[in-house]
Amino acid sequence: VAMGNFTFATNQFEVFEEPKYTNEPWKSRIGQSLTQQYGYIAERLFVDEEEVRNSPEQFGDYRAGDIKYKDINKDGKISELDIVPIGHPHSPEIVYGFGFSAGWKGFDFSSCFQGVARTSLYIDATATSPFINGQNALLKVYADNHWSEDNRNVYALWPRLSNYHVGNNLVGSTWVLRDASFMRLKSVELGYSLPDKIISKANLTKFRAYVTGNNLLTFSAFKLWDPEMGGNGLGYPIQKVLNFGLQISF
C-alpha cells in the first residue's frame, strides 16, 4: 500500500502602499511573495583594514574579518537602499509527504517521509554568536571555520569572533541565508508476528515483536544543524527515537 501528498502554494503582492521606487526598483513589494526574504548581498569578508578604508562606507563598528556588502545602488555607502529580495520565501511553497506499507509472511514494514522545498532560512547570528551576554557555547562549525588573524579566509563560514555584538554582521544577508529544503524519514516500523499454529499452543491470539524509529534520517543541503530548527543551532534539537516492543493478545 502506498500513499502520498503534494502541495504547492504561492502568493504575491498585487497592490502595496509604498513610495515609487524609481531609482531602486528592487525595493518594491509588488510581485513579491508575502514572506519573501530580504537582505544585503554579501561579497565576502574584509581581508584587512586597508580594504575597509577603501570600500563603500557600511554601518556600525566593522573592521577586517567582518562581512563586506555590495553597494547595489552605487551611492558609495551601504544602507537600507541596498537591501534586495534574496532566496526563497520563509514559508515553504512546497510541502509533501509519502509512505508505504507492505507485508510478507509474518513480516510487516511501513515508513513515512515528509519534506518541504522552496524555502530559505537565516542563520540567527544574534542567537548563535559566542562569548556575548553570557553565551559561552561555541558551535564546532564556527570554531573550525571562522576568520582570524591566523586564518584570513575571506570566505570562512563565520566572521571574526568578538565579545560584543558586531551589528554589521547581524543583519540579514546572503552570507547567512541558506536553503532550508529537507526530506525526513519521519517514521519507520518493522514487525514480525509468530504464526497462529505456534502461538495457539500457548493460548495466544497474537504475538508480535516490532521496532519503530522516528526522525532517523534527514536529507538536506543545509548541514550545520537540523533545518527544522530554523536559524538557531543552539536550540533544542529534533529528537531521534528508537523503540522496541511486543504486542501480545490472549
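Of the numbered conditions (1) touching a Ser or Thr at 6+ places or on another chain (Cβ under 6 Å); (2) farther than 30 Å from residue 149 by Cα; (3) open to solvent by less than 80 Å² (accessible area, probe 1.4 Å), residue 1 fails exactly one; give the number of that condition.
(3)
For the range 183-203, which residues satisfy the criterion of being in a helix (DSSP H, G or I) and among the acidic types (Asp, Glu)?
We begin by selecting, within the range 183-203, every residue in a helix (DSSP H, G or I); these are 196-202.
196, the sole residue that qualifies.
Give just the number: which of (1) under 16 Å from residue 84 (Cα atoms); (2) in contact (Cβ under 8 Å) with a residue 24 or more places away in the chain does residue 29 not satisfy?
Of the numbered conditions (1) under 16 Å from residue 84 (Cα atoms); (2) in contact (Cβ under 8 Å) with a residue 24 or more places away in the chain, the odd one out for residue 29 is (2).
Tell me, which residue of the range 216-237 that is polar (S, T, N, Q) and out of contact with any Lys or Arg (no Cβ under 7 Å at 6 or more places or on another chain) is modelled with the lowest pLDDT? Can you show your working first?
Initially, the range 216-237 is screened for residues polar (S, T, N, Q), giving 218, 220, 232.
If we keep only those that are out of contact with any Lys or Arg (no Cβ under 7 Å at 6 or more places or on another chain) as well, we get 220, 232.
Numbers: 220: 96, 232: 88.
Looking at residues that are polar (S, T, N, Q) and out of contact with any Lys or Arg (no Cβ under 7 Å at 6 or more places or on another chain), I get 232.
Residue check: is residue 16 at pLDDT below 95 and either in contact with a strand residue (DSSP E or B) (Cβ under 7 Å, 6 or more places away or on another chain) or assigned to a strand (DSSP E or B) (or both)? Please lay out each step first, then the result.
Numbers: at pLDDT below 95: yes; either in contact with a strand residue (DSSP E or B) (Cβ under 7 Å, 6 or more places away or on another chain) or assigned to a strand (DSSP E or B) (or both): yes.
Against the criterion (at pLDDT below 95 and either in contact with a strand residue (DSSP E or B) (Cβ under 7 Å, 6 or more places away or on another chain) or assigned to a strand (DSSP E or B) (or both)), residue 16 qualifies.
The values are calculated or read from the model by the stated rules, or taken from the named source; none is laboratory data. Predicted model only: the values in this text are computed from it and were never measured. FYI the Cβ positions are ideal-geometry reconstructions off the backbone, even for glycines, and counts take in every protein chain you see. With ligands, DNA and RNA removed, areas are computed over all heavy atoms of the protein, side chains included. Shrake-Rupley method; radii C 1.70, N 1.55, O 1.52, S 1.80 Å.
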